[in-house]
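Just below is one structure, and these are the notes that go with it.
The values are calculated or read from the model by the stated rules, or taken from the named source; none is laboratory data. Since we're looking at a predicted model, the values are computed, not measured. Glycine gets a Cβ as well: all are built from the backbone with ideal geometry, and neighbour counts include every protein chain shown. Ligands, DNA and RNA are stripped out before the accessible areas are found, and what is left, the full protein with its side chains, is counted by its heavy atoms. Shrake-Rupley method; radii C 1.70, N 1.55, O 1.52, S 1.80 Å.
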Amino acid sequence: GEDVEQSLFLSVREGDSSVINCTYTDSSSTYLYWYKQEPGAGLQLLTYIFSNMDMKQDQRLTVLLNKKDKHLSLRIADTQTGDSAIYFCAASYNNNDMRFGAGTRLTVKP
Amino acid sequence: NAGVTQTPKFRVLKTGQSMTLLCAQDMNHEYMYWYRQDPGMGLRLIHYSVGEGTTAKGEVPDGYNVSRLKKQNFLLGLESAAPSQTSVYFCASSLSDYGELFFGEGSRLTVL
């Protein structure tokens, strides 16, 4: 299977919470990232977590890491239409071996 | 701030033609990368560079060559384009070998 897997689509209503899930296979991954890609643009770093952390919160974003299960999630509270984008999970020991998931397309309906 | 700039943004090639994609960064980053993005797949690393004058192979290097003659520029070349190289190509840079990658806007290449 792929090194990093995530579901391809998620649709939510404006104001609801969005949860995007990701699993990875390489237990040596030290850094776990969430990147956001808006239409016609490159990827932008949204948030990241070190492998020795369980959770990281940054305003509306909450990242949860279950290292035992190699499972990462991104929760977006109070999702807005401006959050519609593709969200990529990535895992790496260093940038030269970073593995990206296929991306989850988040659609926020008014 | 320009950040990472890629040219051209769109290109259509015929099989067997050659071309070069240019990536330029103005952040004085040591590390630069070329990725390709295909539908239903994550970004895959083609080649990377850890500094001026250095290059190294990534996950999918076949059919591509790169050069880093100047610190701010990283060129990706296709000597004989194939339809399988139809993709969106992203350049990225980083200050060190870990941490945030800064991406360009992408270059969409179609090989007929």
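Just need the relative contact order of chain B here, percent rounded to a whole number, with Cα pairs under 8 Å and 6+ apart.
On the way: 297 pairs, mean separation 40.3, N = 112.
Here the relative contact order equals 36 percent.
How many Å² of accessible area per residue for the protein assembly as shown, probe 1.4 Å? Numbers along the way, then the final one.
Values: 10900 Å² over 222 residues.
Spelled out: the 1.4 Å probe surface of the protein assembly as shown, per residue, equals 49 Å².
Distances longer than 22 Å among the Cα atoms of region B:1-82: what percent of all pairs is that?
Numbers: 786 of 3321 pairs.
Considering region B:1-82, 24 percent of its Cα-Cα pairs are separated by more than 22 Å.
Using +1 at the C-beta of Lys and Arg and -1 at the C-beta of Asp and Glu, which of A:71, A:103, A:91 has the Cα lying farthest in the positive direction of the dipole of region A:59-110?
The residue sitting most towards the positive pole is A:71.
At a 1.4 Å probe, what is the % contribution of carbon and sulfur to the accessible area of region B:30-112? Write out the running numbers ahead of the final one.
On the way: 1850 of 3600 Å².
Carbon-and-sulfur percentage of accessible area, whole number: 51.
Taking the simple approach of a point 7 Å from Cα along Cα-to-Cβ for both residue B:57 and residue B:112, what is their distance in nm?
Reported label-point gap for residue B:57 and residue B:112 is 3.3 nm.
In debye, nearest 20, what is the charge dipole magnitude of the protein assembly as shown about its Cα centre with +1 on Lys and Arg Cβ and -1 on Asp and Glu Cβ, if you could check? It would help to have the intermediate numbers written out before the result.
Numbers: 21 positive and 23 negative charges, 78 e Å.
Roughly 380 debye, rounded to the nearest 20.
Which of these, B:28, B:73, B:65, has the largest mean-square fluctuation under a Gaussian network model of chain B (Cα springs below 10 Å)?
Result: B:28 has the largest fluctuation of those listed.
Between region A:1-46 and region A:52-91, what is the separation of their alpha carbon centroids in Å?
Between the Cα centres of region A:1-46 and region A:52-91 lies a distance of 7 Å.
Is there a simple number for the mean count of other chain Cβ atoms within 10 Å of the Cβ of residues in A:100-106, and what is it?
On the way: counts 7, 3, 7, 6, 0, 0, 0.
Neighbouring Cβ atoms belonging to other protein chains average 3 per residue here.
Ignoring ligands, DNA and RNA, how much accessible area is buried between chains B and A, both sides summed, with a 1.4 Å probe, to the nearest 100 Å²? Write down the numbers at each step before the final one.
On the way: alone 6160 and 6360 Å², together 10900 Å².
In total, this chain pair buries about 1600 Å².
Of all accessible surface on chain A at a 1.4 Å probe, what whole percent is carbon and sulfur?
With neighbouring chains kept in place, the figure for chain A is 46 percent.
With charges only on Cβ, +1 for K and R and -1 for D and E, what is the dipole size of chain B about its Cα centre, in debye, rounded to 20?
Charge dipole, chain B, about its Cα centre: 360 debye, nearest 20.
Using a Cα-Cα cut-off of under 13 Å, which aspartates and glutamates could be cross-linked to residue A:68, ignoring same-chain neighbours fewer than 8 residues away?
A:26, A:54
With +1 on each Lys and Arg Cβ and -1 on each Asp and Glu Cβ, how big is the dipole of chain A about its Cα centre, in debye rounded to the nearest 20?
I would put it at about 140 debye.
Find which of A:82, A:50, A:21 sits farthest along the positive direction of the dipole of region A:1-85, computed with +1 on the beta-carbon of Lys and Arg, -1 on that of Asp and Glu, about the Cα centre.
Farthest towards the positive end: A:50.
Using 7 Å Cα-to-Cβ label points, what is the residue A:56/residue B:41 separation (nm, one decimal)?
Result for the modelled spin labels: 2.8 nm.
Considering Cα pairs under 8 angstrom that are at least six residues apart, work out the relative contact order of region B:36-91 and quote it in whole percent. Write down the numbers at each step before the final one.
Details: 81 pairs, mean separation 17.4, N = 56.
It rounds to 31 percent for region B:36-91.
Classify the protein assembly as shown from the C-alpha gyration tensor, please: rounded if a/c falls under 1.5, else prolate or oblate depending on whether a/b exceeds b/c.
On the way: a/c = 1.87, a/b = 1.53, b/c = 1.22.
Since a/c reaches 1.5 and a/b is larger than b/c, the shape of the protein assembly as shown is classed as prolate.
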